[in-house]
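Down below is the structure, laid out as structure tokens.
A short reminder: the numbers here are calculations on the coordinates, not readings from a lab. Model, not experiment: these values are computed from the prediction. Positions of Cβ are backbone-derived with ideal geometry, glycine not excepted, and every protein chain shown enters the neighbour counts.
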Amino acid sequence: MKKKLILLGPPGAGKGTVGSRLSVIWGLPLISSGDLLREHLKRGTEAGSNAGKYMEKGELVPDEIVIKMIEEKLTGPLCREGFIIDGFPRTIVQAEMLDTIVDDAGETKVIYLKAGDDFLVERLSLRRVCGGCGKIYHLVNLPPLKEGICDFCGRALIQRDDDKEEIIRRRLDVYRRMTAPLIEYYRSKNILHMVSGEGKLEDTVSEIKKIAKW
Ligand code: AP5
């Protein structure tokens with residue numbers, strides 16, 4: 001059965017962290033729109049440099065840029081057995097496109113990771129990511145074995161440019177206006193499940209496993 005999981009939630013709710021754990025457990029690819037955009041930015045593609053102007057301000061990248069990147073991934077051989085998506089869709093237009101891109105085979109579940117603004121601002125200010133492989137850390141909850149160094153590839157950990165308080169608050173505001181309406185969109189399709197994003201990582205992961213029953 002094709003397994004399709006959409007991780008929805010505000011910035012810092014844990015979509016990337018939880019998604020990468022579930023990806024290992026289920027053997028499904030994790031497709032992150034934020035990572036895809038950062039990859040394009042790093043490679044200096046036209047789409048990447050267009051997207052960068054929006055990302056640095058904490059605003060959404062235009063739908064057409066993101067949809068093209070995601071469509072290429074989801075319709076490719078990597079996602080034949082299913083996928084976990086983090087950070088997409090983020091607008092009603094993206095959600096409607098996703099409905100047309102993805103076939104009806106198998107099962108789709110949407111997990112809404114819920115967390116409060118002040119909690120998220122504090123959590124994101126303590127996030128560090130590997131500049132090489134992108135692995136996500138938290139200075140208190142999920143620290144690397146050696147300070148400042150990625151456990152997996154040995155490269156230096158960095159703070160994302162958009163993890164400054166002013167930009168985080170802008171991203172939260174954009175989330176409320178543009179992305180939160182998707183909660184109702186998926187609730188009306190009866191595929192939405194709410195899970196706290198503020199708990200321990202192990203608890204969040206096991207709750208999602210119970211919901212999905214995969
Ligand atoms: P993106 O990279 O998607 O950022 P985001 O949605 O703001 O989400 P984050 O990556 O900040 O947080 P997360 O929920 O993945 O949390 P994480 O697991 O890292 O997007 C960046 C930008 O790209 C956007 O602003 C926009 O410009 C653009 N963009 C992307 N997609 C787009 C789209 N579809 N349309 C238009 N524009 C788009 O966790 C956060 C921290 O908490 C980490 O330190 C982690 O270690 C820790 N942590 C997480 N869970 C736990 C836990 N349970 N217990 C303890 N610590 C935890």
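Tabulated results
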quantity: Whole-number percent relative contact order across the stretch 144-211, with pairs defined as alpha carbons under 8 Å at least 6 apart; calculated: 12
quantity: All-pairs Cα distance distribution in the stretch 92-214, expressed in whole percent, bin size 10 Å; calculated: 11, 30, 36, 21, 2
quantity: Global geometry of the stretch 120-165, whether rounded, prolate or oblate, following the gyration tensor of its Cα atoms and the 1.5 cut on a/c; calculated: oblate
quantity: Hull volume in cubic angstrom per residue (convex hull over the Cα atoms of the chain); calculated: 118
quantity: Candidates 139, 74, 22: whichever shows maximal mean-square fluctuation once the chain is modelled as a Gaussian network with Cα springs under 10 Å; calculated: 139
quantity: Over 25 Å between alpha carbons, listed pairs 57/135; 42/109; 73/164; 68/200; 4/53; 2/189; calculated: 42/109; 73/164; 68/200; 4/53
quantity: Binned Cα-Cα distances of the stretch 1-120, short to long, each 5 Å bin given as a whole percent; calculated: 2, 11, 21, 24, 21, 14, 6, 1, 0
quantity: Debye, to nearest 20: dipole size of the stretch 78-145, +1 on Lys, Arg Cβ, -1 on Asp, Glu Cβ; calculated: 480
quantity: Shape call, the stretch 143-214: gyration tensor on alpha carbons, a/c limit 1.5; calculated: oblate
quantity: Leading residue at positive end of dipole, the stretch 107-214 (Cβ point charges), from 158, 178, 144; calculated: 178
quantity: Residue among 99, 86, 162 with the largest mean-square fluctuation in a Gaussian network model of the chain, springs linking Cα atoms under 10 Å; calculated: 99
quantity: Choice from 150, 79, 133 with maximal GNM fluctuation in the chain (Cα, 10 Å cutoff); calculated: 133
quantity: Mean residue ellipticity (222 nm) of the chain, computed from DSSP H runs ≥ 4 via -39,500 (n - 2.57), nearest 500; calculated: -13000 deg cm²/dmol
quantity: Cα pair distances in the stretch 1-54, grouped into 10 Å bins until the bin that holds the longest one, percent each; calculated: 22, 40, 32, 6
